[in-house]
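*Asks:* Here you go, one structure.
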Amino acid sequence: MITFCICLLLLILSYFFYGRYIEKIFGADKKREVPSKTSYDGIDYIPMPMWKTFLIQFLNIAGLGPIFGAILGAAYGPVVFLWITFGGILVGAVHDYASGIISIKNNGLSYPEIIGKYLGNNIKQILRVFTVFLMILVGALFMVGPAGLLQGITGLNSTIWIYIILFYYILATLMPIDKIIGRIYPAFGFALLFMAVSILMVLFFGSYHIPELSVATFTNMKMDAETFPIFPTLFITVACGAISGFHATQSPLMARCVKCETQGKPVFFGAMITESIVALIWAAIGLAFFGGVFQLNESLAEHGNNAAWIVDTIANTTLGKFGAVLALLGVVFAPITSGDTAFRSARLIVADFLKIEQKTLRKRMYVSIPLLVAGFIITFLDFDVVWRYFAWANQALAAATLWAITVYLAEKRKNIYLTFIPGVFMTMVVSVYFFTSEQMLGLSYYAGLIISTVITLVIMAGIWRLINRRYKQ
């Protein structure tokens with residue numbers, strides 16, 4: 001419990017102290033005009049209250065990751081607490097805040113356009129395709145996952161739920177952001193926060209023991225540890241809750257809705273810290289509920305690594321029937337409210353680079369319908385296979401974002417090491433995983449490590465060259 005409480009306290013304090021420092025570094029100005037005022041269109045550029053933009057951003061980024069990913073990450077042992085805490089503070093929160101505030105300062109510019117502005121046109125063209133494809137993957141994954149959970153709750157076939165969720169996605173993608181998303185997200189947010197607070201109370205007042213981080217437990221405690229090394233697998237498994245490239249694609253949505261730049265701290269930095277807290281709680285209950293790391297591993301192995309079964313079992317046992325239903329609804333709505341904004345983000349990305357105005361419904365449909373159809377087709381693929389490649393692509397996107405933020409900081413003559421060091425780390429993570437994972441190329445660990453080191457050094461040299469060029473300009 002001591003390790004858990006220290007990590008929880010660090011996350012809370014980081015918002016007030018480190019968040020203030022990051023806000024100062026990026027020069028948030030309350031008086032500067034923002035996109036919701038200068039580019040108001042009644043569809044995507046709409047000023048909304050801070051509490052709404054916070055809840056929307058929180059639900060946008062809080063898909064299955066901070067719950068399922070945290071439980072799967074807990075199988076590595078208490079070391080997961082370190083990644084969630086320090087990854088969330090030093091990497092994820094900075095990544096999310098920076099991508100949001102930079103978008104605000106660039107009139108709500110969508111993700112690939114921001115990356116292209118700081119990393120060059122070639123990278124922009126690649127990321128336009130890559131990001132849209134990733135958004136479609138997210139939308140598809142977050143139709144299949146919630147549909148399975150809803151089938152378990154209601155008994156209604158998951159295929160029917162996929163059609164229902166798809167219909168909702170169509171509406172949420174096309175309608176003005178304040179008509180559906182702005183109205184229903186608060187209820188979904190309260191359900192998710194209720195779930196987290198309820199589980200937290202169970203941890204504090206129930207008869208559960210949370211394993212402590214010590215010399216003995218500071219190791220890989222996962223079954224078949226050689227196949228799943230902590231580096232890089234843990235950092236791919238626990239994405240949302242620590243750092244996720246998907247978040248950067250969502251930040252422009254709320255960058256177009258905040259009323260002033262200083263709302264960026266609660267909306268972007270605060271939402272990420274809140275998500276880290278949710279992940280920390282689920283990692284802790286996963287370890288405590290089953291009696292320890294080895295018991296959690298055994299339970300996961302018995303049920304095919306099905307984190308949904310873990311959530312269902314914990315909620316029903318600890319919260320009672322009513323609480324369990326609310327908690328599970330929170331778990332269901334979290335991915336749905338990421339999936340709808342994934343398609344909305346894809347629409348805006350495509351509209352931005354094709355320069356298609358989005359005020360008229362007809363033109364929004366031109367862009368949206370092909371994206372939604374592609375997402376629906378992907379739902380027929382194997383969920384586990386799709387998720388496997390999404391996890392890697394997601395963290396690769398995070399690495400690209402960190403490098404773009406580094407160049408931005410260099411242009412502003414600010415502390416580039418805030419994102420340069422995390423950029424190096426995440427580049428190594430995605431490279432080593434790509435070369436060594438049996439799900440990817442499957443090379444030997446040390447061969448993959450050497451190749452990844454060379455690739456990371458080449459990227460570092462390219463970034464330094466780009467930074468020096470910007471300095472001269």
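*Asks:* Based only on other Cβ atoms within 10 Å, what is the fewest-to-most ordering of W83, W51?
*Replies:* Fewest to most other Cβ atoms nearby, the residues stand as W51, W83.
*Asks:* While we're looking at this one, here's another question. Read phi for every residue in the stretch 212-217 and hand back ³J(HN,Hα) as whole Hz from Karplus 6.51 cos²θ - 1.76 cosθ + 1.60, θ = phi - 60°, with x for Gly and Pro.
*Replies:* Result, ordered by residue: 8, 7, 9, 4, 5, 9 Hz.
*Asks:* How large is the helix-only mean residue ellipticity at 222 nm for the chain, computed as the sum of -39500 (n - 2.57) over DSSP H runs with n ≥ 4, divided by its residue count, in deg cm²/dmol to the nearest 500?
*Replies:* After summing the helix terms and dividing by residue count, I get -23500 deg cm²/dmol.
*Asks:* For the pair R413 and S207, what calculated FRET efficiency results from E = 1/(1 + (r/R0)^6), where r is the Cβ-Cβ distance and R0 = 41 Å, to the nearest 0.05?
*Replies:* It comes to 0.15.
*Asks:* With all pairs of different alpha carbon atoms counted, what Kirkwood hydrodynamic radius in Å does the stretch 6-49 show?
*Replies:* Working: mean 1/r = 0.0772 Å⁻¹.
One decimal place: 13.0 Å for the Kirkwood radius.
*Asks:* I've got another one for you. Which three lengths, in whole Å and largest first, does the stretch 162-228 cover when its Cα atoms are put on their principal axes?
*Replies:* Taking the Cα atoms of the stretch 162-228, the three principal extents are 54, 36, 19 Å.
*Asks:* When only C-alpha pairs under 8 Å and at least 6 residues apart count, what is the relative contact order of the chain, in percent?
*Replies:* Reported relative contact order: 31 percent.
*Asks:* Full extension from D41 to L354: what is 0.36 nm times the residue separation minus their Cα-Cα distance, to one decimal in nm? Walk me through the numbers on the way to the answer.
*Replies:* Details: separation 313, 0.36 × 313 = 112.68 nm, distance 1.82 nm.
That pair, D41 and L354, stretches by 110.9 nm at full extension.
*Asks:* Determine the alpha carbon to alpha carbon distance for each of K31/K117; K37/K355; K117/K259; K30/K363; K52/K124; K179/K321 and list only those over 28 Å.
*Replies:* K30/K363; K52/K124; K179/K321, as the Cα separations exceed 28 Å there.
*Asks:* Kindly state, to the nearest 0.05, the FRET efficiency for I369 paired with N107, given R0 = 41 Å and r defined as their beta-carbon distance.
*Replies:* About 0.95, to the nearest 0.05.
*Asks:* Beyond 40 Å, what share of the Cα-Cα pairs of the stretch 2-402 remains, rounded to the nearest whole percent?
*Replies:* That fraction is 11 percent.
*Asks:* In the chain, which helices (entire DSSP H runs) extend 27 Å or more along their own long axis, judged by Cα positions, while averaging at least 1.0 on the Kyte-Doolittle scale? Write out the running numbers ahead of the final one.
*Replies:* Details: long enough: 121-154 (49 Å, 1.36); 181-205 (35 Å, 2.05); 270-289 (28 Å, 1.84); 307-354 (51 Å, 1.11); 383-411 (42 Å, 0.80); 417-436 (28 Å, 1.63); 445-472 (40 Å, 0.84).
The answer, listed by residue number, is 121-154, 181-205, 270-289, 307-354, 417-436.
*Asks:* Let me ask you something else. Between T313 and T227, what FRET efficiency comes out of the Förster formula 1/(1 + (r/R0)^6) with R0 = 30 Å and r the beta carbon distance, rounded to 0.05?
*Replies:* So the FRET efficiency works out to roughly 0.70.
*Asks:* Right, here's the next one. Using the Cα centre of the stretch 254-380 as origin and beta-carbon charges of +1 (Lys, Arg) and -1 (Asp, Glu), tell me which of M365, I314, I273 is placed farthest towards the positive end of the dipole.
*Replies:* The Cα lying farthest towards the positive end belongs to M365.
*Asks:* In nm, to one decimal, how far is the V129 label point from the N305 one, both placed 7 Å along Cα→Cβ?
*Replies:* With each label placed 7 Å out from Cα toward Cβ, I get 2.9 nm.
*Asks:* Using alpha carbons only, how many angstrom separate the centre of the stretch 10-37 from the centre of the stretch 48-125?
*Replies:* 15
All of the numbers you see were taken from the coordinates with simple rules; none came from a lab. Source: prediction; values computed, not measured. With ideal geometry, Cβ positions are generated from the backbone for all residues, glycine too; neighbour counts draw on all protein chains shown.
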